[in-house]
1. Work from the charge dipole of region 21-142 (Cβ charges, +1 for Lys and Arg, -1 for Asp and Glu, about the Cα centre) and give the residue of Ser45, Tyr89, Val137 farthest towards its positive end.
2. Just the number please: accessible area per residue for region 21-142, 1.4 Å probe, all protein chains included, in Å².
3. Dipole magnitude of the chain about its Cα centre, charges +1 at Lys/Arg Cβ and -1 at Asp/Glu Cβ only, in debye to the nearest 20?
4. According to a simple spin-label model (label point 7 Å from Cα along Cα-to-Cβ), what is the distance in nm between Lys151 and Ile175?
5. Just by accessible area at a 1.4 angstrom probe, what is the order of Tyr118, Tyr77 from largest to smallest?
6. Between His316 and Ser90, what is the label-to-label distance in nm when each label sits 7 Å out along the Cα-to-Cβ direction?
7. Rounded to the nearest whole Å², what accessible area per residue is found for region 153-307 with the 1.4 Å probe?
8. How are the alpha carbon pair distances in region 153-307 distributed across 5 Å bins from zero to the largest one, expressed in percent?
Amino acid sequence: MTSKPDIKSQPQPAERPHAKYLWHGGELVEWDQATVHISMMGWTSISSVFEGIRAYWNEEQQQLFVFHLDAHLKRLYQSMKIMRMDCLYSPEQLTEAITGLLRANGFRADAYVQPLAYFTGGIPGYEAVWEDPAEVVITPRLAPSNLGSGKLAHCNISSWNRISDNVMPPRAKAISNYQNSRYVSTESRVNGYDYGIILNQQGKVAEASYACIFIIRDGVAITPPVSAGILESITRETVRQLLENELGVPVLERDVERTELYIADEVFLCGTAVEVQPVVSVDRYRVGDGETGPIVSRLESLFHQVVRGNHPARSHWLHPVYPQA
Ligand SMILES: *Cc1c(COP(=O)(O)O)cnc(C)c1O
């Protein structure tokens, strides 16, 4: 019998260390001074879209590298477009805002940055077409990488289904879509699993609650297509390229069925938050021999080299925060 996760032992928001500055409305704002009116809380959150971006500290080079900043900003603007949201800022301004914010905070360790665009109109958020252009807030925090930590995930197939393109488009990285993820992850945690894997409306595998999924069968990596109800993950695309071009592992994008997870040689999740994480059981079926498999093991260490700036062939995926020596 698994008991409820002990949430009281987790640091509560007020106790968590926070950055000195965040970025709001075009400028650096001290953390405690950044406010919006309480009346904005409900309706503005249903109409907001965001990005989660990691930055990795390289001790030798004394440099902080933002990973795939351009791709994340491109997706932020795509999410805004789906929402019919105009933005007050250009991608160039947001690039400067993000790197400037990390510099202002003096972060010299792994970090996570979350730009969030939200409607500011004083009218209820369901009348979105009449709203003012979106305002943007960018929140940074220190967030150590889990790469190389040997973390292994136990997953279940969620009893909840994935939202779909004509209901709540999963392609938009919208805060409101996370209601789906939240049902999934709560169910998983209550039942003693780390992550839930979500089937789409067609009963095929879509993704995990906030990460994409790959399986390895007979040396071939397989991942559900972008039409399977997934978020078009930047890490998924990164991993696809590394597998194909650097590790010589062919990648297939096709529908994946539930029982394929049970018999796969290897399964892993990927996404900005989870990075690359091996899955060692699904519904308590052991995956492979129940340990990190050989392909995901090579992939994880290559991914780690890439994001930390120790793989020059992919340095164009990194955006340095501090002036280069
Ligand atoms: C952000 C996110 C992912 C991972 O996407 P990345 O671009 O790799 O960070 C996967 N699924 C959902 C639902 C997400 O919101």
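The values are calculated or read from the model by the stated rules, or taken from the named source; none is laboratory data. Treat the numbers as computed from the prediction; the structure is a model and nothing was measured. We place every Cβ from the backbone using ideal geometry, glycine too, and count neighbours over all the protein chains shown. The protein model used for the area step is the full one, side chains on, heavy atoms only, and it has no ligands, DNA or RNA in it. Shrake-Rupley method; radii C 1.70, N 1.55, O 1.52, S 1.80 Å.
1. Result: Ser45, furthest along the dipole toward the positive end.
2. Values: 6020 Å² over 122 residues.
Here the per-residue accessible area is 49 Å².
3. Values: 29 positive and 37 negative charges, 75 e Å.
Result for the chain is approximately 360 debye, rounded to the nearest 20.
4. Distance between label points: 2.4 nm.
5. Values: Tyr118 20, Tyr77 55 Å².
From most exposed to least exposed: Tyr77, Tyr118.
6. In this crude label model, His316 to Ser90 measures out at 2.2 nm.
7. 40
8. Going from the shortest bin to the longest, the percentages are 2, 10, 21, 24, 22, 14, 7, 1.
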